[in-house]
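K.L.:
Take this structure first; my questions come after.
The values are calculated or read from the model by the stated rules, or taken from the named source; none is laboratory data. Keep in mind that this is a model prediction, so the values were computed, not measured. No Cβ is skipped: glycine too gets one built from the backbone with ideal geometry, and neighbour counts run over all protein chains shown. For the accessible areas, the whole protein counts, side chains as well, though only heavy atoms, and no ligand, DNA or RNA atoms are used. Shrake-Rupley method; radii C 1.70, N 1.55, O 1.52, S 1.80 Å.
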Amino acid sequence: MEIIHIYHSGFLIKFDNDTLVFDCLDSSASKYFSQHGKNYVFTTHSHSDHYSQNIFEWERKNYNVEYFFGDDITIRDIRPNYHIMDKYQSLKTNNLEIETFGSTDSGVSFFVKFRGNNIFHAGDLNWWHWKNDSKETQRKEESDFKLEVDKLKGRGIDIAFIPVDPRLDEYYYLAAEYFAKTIKPKILIPMHFADNFDITKKIKEKLGDFNMEVIEIVKRDQELDINI
């Protein structure tokens, strides 16, 4: 499979002619699509750094597209290929299995099974340890994050997209480290860092002792060949 980092938390995963797209803002991602396959588009929530109406251009260009949205996204014209999903829901379509989990911000996170691969995209499920928050709030953020991640135990996750937000300063790594210790994915791909690519090198070094691969991202549209 091939994974392309589009921007921020946006990724595209290519399986021959089929693609999975997560939290993508840039309609130019369609250059990776195939007219001969199926394109599954996931948007975890409505925040402008995760969701753009640009994604609807893909179906207007006659790509074979099916959309999955977190429940906080308002869609006025619901079509048969649009699916609004609340947390803790399951859905099967074609050879795709989807299960939603919660977030520590808005919307949902997605656990997807496709062609024998177990993929998790966290959306804004993060350990939001803001230094200016009260100790009580910090403890609640920690507890909420861990309770949600713990629900993923035993899922056998192959690829996990996890936030490493540089705005958290020295606490950027908390979510990725806990996820690595608790869930043990085969591959962890950092996200939610805008153009601060250096932080992906930092998290790779930080998690170097874990028995998994951590991907370093150095640019937009970086193409990653992944073997599991």
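K.L.:
How large a share of the accessible area of the chain, in percent, is made up of carbon and sulfur atoms when the probe is 1.4 Å and the other protein chains stay in place?
P.N.:
The computed percentage sits at 40.
K.L.:
Express in nm, to one decimal, how much length is gained between Asp225 and Asp86 on full extension, taking 0.36 nm for each residue of separation and deducting their alpha carbon distance.
P.N.:
Extra length from Asp225 to Asp86 when fully extended: 46.8 nm.
K.L.:
When averaged across all projection directions, what area in nm² does the alpha-carbon convex hull of the range 183-228 cover?
P.N.:
Result: 3.5 nm².
K.L.:
Using 7 Å Cα-to-Cβ label points, what is the Lys131/Asn62 separation (nm, one decimal)?
P.N.:
A separation of 5.5 nm, rounded to one decimal place.
K.L.:
With N residues in the range 119-193, what two-decimal value do you get for its Cα radius of gyration over 2.2 N^0.38 Å?
P.N.:
1.06
K.L.:
Could you tell me what percent of the DSSP beta bridges with both partners in the chain are antiparallel, to the nearest 5?
P.N.:
The answer is about 55 percent antiparallel.
K.L.:
Separate question: Calculate the spin-label point distance for Asn95 paired with Thr74, positioning each point 7 Å from the Cα along the beta-carbon direction, and give it in nanometres.
P.N.:
The answer from the label model is 3.9 nm.
K.L.:
For the range 48-91, take every pair of Cα atoms, bin their distances at 10 Å starting from 0, and report each bin as a whole percent.
P.N.:
22, 57, 20, 0
K.L.:
Would you kindly state how much longer the chain becomes between Val218 and Glu170 on full extension, computed as 0.36 nm times their sequence separation minus their alpha carbon distance, in nm to one decimal?
P.N.:
Using 0.36 nm per residue and subtracting the Cα-Cα distance, I get 15.3 nm.
K.L.:
Restricting things to alpha carbons, find the Rg to Rh ratio for the range 1-80 using the Kirkwood radius for Rh.
P.N.:
0.93
K.L.:
Which number comes out as Rg/Rh for the chain once both Rg and the Kirkwood Rh are worked out on C-alpha atoms?
P.N.:
A ratio of 0.94.
K.L.:
Next question, about the same structure. For the chain, what is the accessible area per residue in Å² when the probe is 1.4 Å?
P.N.:
On a per-residue basis, the chain sits at 46 Å².
K.L.:
Here is a further query. Could you compute the FRET efficiency for Leu147 and Asp209, with r as their C-beta to C-beta distance and R0 at 25 Å, rounded to 0.05?
P.N.:
0.45
K.L.:
Taking only C-alpha pairs under 8 Å that are 6+ residues apart, what is the relative contact order of the range 89-210 in percent?
P.N.:
Taking the mean separation of contacting Cα pairs over the length of the range 89-210, I get 19 percent.
K.L.:
A follow-up question, please. Go ahead and set up a Gaussian network model of the chain, Cα springs under 10 Å, then flag whichever of Leu125, Leu188, Leu91 fluctuates most.
P.N.:
Among Leu125, Leu188, Leu91, the largest mean-square fluctuation in the Gaussian network model of the chain belongs to Leu91.
K.L.:
Rounded to the nearest 20 Debye, what is the dipole magnitude of the range 53-118 about its Cα centre when Lys and Arg each give +1 and Asp and Glu each give -1 at the C-beta?
P.N.:
Using Cβ point charges on Lys, Arg, Asp and Glu, the range 53-118 gives about 260 debye.
K.L.:
Same structure, new question: Quick one: if you stick a label point 7 Å off each Cα along the C-beta vector at Arg155 and Lys31, how many nm between them?
P.N.:
Those two pseudo-labels are separated by 3.2 nm.
K.L.:
With +1 on each Lys and Arg Cβ and -1 on each Asp and Glu Cβ, and nothing else charged, work out how big the dipole of the chain is about its Cα centre, in Debye to the nearest 20.
P.N.:
Charge dipole, the chain, about its Cα centre: 420 debye, nearest 20.
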